[in-house]
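Here is the structure we will look at.
The values are calculated or read from the model by the stated rules, or taken from the named source; none is laboratory data. What you see is a predicted model; the values in this text were computed from it and never measured. Glycine gets a Cβ as well: all are built from the backbone with ideal geometry, and neighbour counts include every protein chain shown. Each accessible area value is taken on the protein alone, full model and side chains, heavy atoms only, with ligands, DNA and RNA left out. Shrake-Rupley method; radii C 1.70, N 1.55, O 1.52, S 1.80 Å.
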Amino acid sequence: MKPPVIDLRSDTVTKPTPEMRAAMAAAEVGDDVYLDDPTVNRLQDRAAEIFGKEAALFVPSGTMGNQIAIRVHTEPGQEVITEDSAHIYEFEMAAMAAISGVLARPIPAPDGILDWESIRKAIRPKIYYRAQTGLIGLENTHNMAGGTFYTKQQIEDICNHAHDAGLPVHMDGARIFNAAVALKENVANLVCSCDSVMFCLSKGLSAPVGSMLVGSRQFIERARSIRKLLGGGMRQVGVLAAAGLIALEIMPARLDEDHQNAKLLAELLNESPQLDVKPEKVRTNILMVGFARTLLDSTQMTGRLREMGVLVSALDSVRMRLVTHNDVNREQICQAADAIKSVIAQKNA
Ligand SMILES: *Cc1c(COP(=O)(O)O)cnc(C)c1O
């Protein structure tokens with residue numbers, strides 16, 4: 001029998017757990033556009049409660065959640081301050097321009113983590129002939145910076161100053177539970193100063209589909225209307241919310257295992273002098289690996305690993321991203337490290 005593929009491309013590849021499958025089959029449903037789906041309503045109530053916000057909304061994807069938030073918080077012609085490699089800027093199809101008529105104002109930050117000083121400099125002066133800043137977007141954990149995170153103090157400092165300046169703050173918290181677990185912080189505490197938060201049920205939490213928006217009741221009411229505008233009003237979607245409830249209630253408790261596996265993988269790969277890995281920077285479930293010194297290009301690296309049953313994401317010609325999750329165990333982490341080392345050894349031979 002062929003051994004199972006070790007898929008480290010993303011935590012989005014996680015399959016629903018047997019408990020999720022059972023809950024999906026048994027889910028009580030109704031028409032959610034009529035607000036009649038009891039399972040969706042329960043998921044939204046629990047998400048609001050767990051995040052310490054007034055209300056929550058189930059959305060089909062993280063991208064839609066972020067874009068709804070941008071649309072609700074801004075007016076056409078405004079700017080959104082983001083970090084340079086933020087998902088809302090780099091990987092969402094310029095949707096903020098297409099959907100909300102706003103421009104991104106990206107600013108670079110070490111490890112993807114912004115501070116108030118750099119944000120303050122990017123805020124437009126209040127002059128009638130200048131575009132106005134409408135929103136600040138923070139990403140926690142930061143995907144392209146390798147799963148780095150903001151602490152509660154860092155978030156609060158930015159939010160307090162932003163609010164003094166009359167600006168809302170949206171948290172792209174696709175992996176906010178990874179941040180909370182790594183910080184040993186309650187998730188509601190971590191985001192209490194943010195005006196809105198998006199988080200994904202479909203990544204490390206292993207639900208098949210879906211993300212959540214949380215915020216004030218007024219924000220969520222407007223968000224529901226924008227969701228419909230974008231075609232995101234779903235009907236008997238309790239079958240997905242049932243999996244989402246398990247993702248939300250049960251799965252955060254096991255994320256530390258993914259973090260330990262990412263650390264282990266970083267340490268194993270760091271044994272190879274031809275790889276650039278910084279194990280001390282790996283705090284959550286994402287690991288960036290530079291392979292310039294192997295003299296393999298990204299097609300060779302990903303192709304040879306694929307032949308050995310290991311899937312990784314090439315970021316550019318000399319870097320790959322490895323993400324640990326519920327469908328990869330410690331033994332498979334060791335196998336993946338061996339596979340990468342053997343690809344390098346073959347090249348050297
Ligand atoms: C994955 C991700 C999203 C978008 O989620 P999708 O469900 O894939 O649309 C948004 N932000 C960050 C940081 C992500 O990693």
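Pairs only if they're at least six apart or on different chains, beta carbon under 7 angstrom, first in segment 200-222 and in contact (Cβ under 8 Å) with a residue 60 or more places away in the chain and within 11 Å of the ligand (Cβ to nearest atom), second among the small types (Gly, Ala, Ser) and open to solvent by 20 Å² or more (accessible area, probe 1.4 Å); list them, first residue then second.
Listed pairs, sorted by first residue: Val209/Ser202; Gly210/Ser202; Ser211/Ser61; Ser211/Ser202.
I'm trying to understand the selection: among the residues of segment 227-253, which are within 19 Å of the chain's Cα centre (by Cα), open to solvent by less than 30 Å² (accessible area, probe 1.4 Å) and among the small types (Gly, Ala, Ser)?
Ala241, Ala243, Gly244, Ala247 - these are the residues of segment 227-253 that are within 19 Å of the chain's Cα centre (by Cα), open to solvent by less than 30 Å² (accessible area, probe 1.4 Å) and among the small types (Gly, Ala, Ser).
Step by step: first the residues of segment 264-280, then only those that are under 12 Å from Gly146 (Cβ atoms) and open to solvent by 50 Å² or more (accessible area, probe 1.4 Å), then the one that is farthest from the chain's Cα centre (by Cα). Which residue is that?
Asp276
What's the total number of residues in segment 179-199 that are more than 12 Å from the ligand (Cβ to nearest atom) and farther than 16 Å from Thr151 by Cα?
Summing the residues that are more than 12 Å from the ligand (Cβ to nearest atom) and farther than 16 Å from Thr151 by Cα in segment 179-199 gives 2.
Please tell me if Asp45 is out of contact with any strand residue (DSSP E or B) (no Cβ under 6 Å at 6 or more places or on another chain), more than 13 Å from the ligand (Cβ to nearest atom) and in contact (Cβ under 8 Å) with a residue 60 or more places away in the chain.
no
If you scan segment 69-99, which residues turn out to be over 23 Å from Gly112 (Cβ atoms) and part of a helix (DSSP H, G or I)?
Arg71, Val72, Ala98, Ile99
For the condition open to solvent by 20 Å² or more (accessible area, probe 1.4 Å), under 24 Å from Pro3 (Cα atoms) and not assigned by TED's automatic domain parsing to the domain that holds Lys184, what is the one hit in Arg283, Arg319, Arg304, Arg293?
That would be Arg304, the only listed residue that is open to solvent by 20 Å² or more (accessible area, probe 1.4 Å), under 24 Å from Pro3 (Cα atoms) and not assigned by TED's automatic domain parsing to the domain that holds Lys184.
Just to be sure before I move on: is Thr12 within 16 Å of the ligand (Cβ to nearest atom) and of a type in the set (Ser, Thr, Tyr) in the structure I sent?
Spelling it out, Thr12 is indeed within 16 Å of the ligand (Cβ to nearest atom) and of a type in the set (Ser, Thr, Tyr).
Kindly indicate which of Ala241, Ala253, Ala262 is touching a Phe, Trp or Tyr at 6+ places or on another chain (Cβ under 8 Å) and assigned to a helix (DSSP H, G or I).
Of the residues listed, the single one that is touching a Phe, Trp or Tyr at 6+ places or on another chain (Cβ under 8 Å) and assigned to a helix (DSSP H, G or I) is Ala241.
In segment 48-68, what count of residues is obtained for those that are in contact with a strand residue (DSSP E or B) (Cβ under 8 Å, 6 or more places away or on another chain) and away from the ligand (no atom under 15 Å from the Cβ)?
Of the residues in that region, 6 qualify.
Against the definition (more than 13 Å from the ligand (Cβ to nearest atom) and among the hydrophobic types (A, V, I, L, M, F, W, C)), how does Ile176 come out, yes or no?
no
Evaluate segment 103-113: report whether one residue or more is in contact with a strand residue (DSSP E or B) (Cβ under 7 Å, 6 or more places away or on another chain), within 12 Å of the ligand (Cβ to nearest atom), closer than 30 Å to Thr39 by Cα and in contact (Cβ under 8 Å) with a residue 24 or more places away in the chain.
No, every residue in segment 103-113 fails to be in contact with a strand residue (DSSP E or B) (Cβ under 7 Å, 6 or more places away or on another chain), within 12 Å of the ligand (Cβ to nearest atom), closer than 30 Å to Thr39 by Cα and in contact (Cβ under 8 Å) with a residue 24 or more places away in the chain.
Report yes if Ile119 is open to solvent by less than 40 Å² (accessible area, probe 1.4 Å) and either in the same structural domain as Ala165 (by TED's automatic domain parsing) or within 16 Å of the ligand (Cβ to nearest atom) (or both), otherwise no.
Yes.
Just to be sure before I move on: is Asp157 part of a helix (DSSP H, G or I), among the charged types (D, E, K, R), away from the ligand (no atom under 16 Å from the Cβ) and not assigned by TED's automatic domain parsing to the domain that holds Glu280 in the structure I sent?
Criteria met by Asp157.
Just the residues that are within 16 Å of His259 (Cα to Cα) and surrounded by fewer than 24 Cβ atoms within 10 Å (Cβ to Cβ), please, taken from segment 147-165.
Matches in segment 147-165: Thr148 only.
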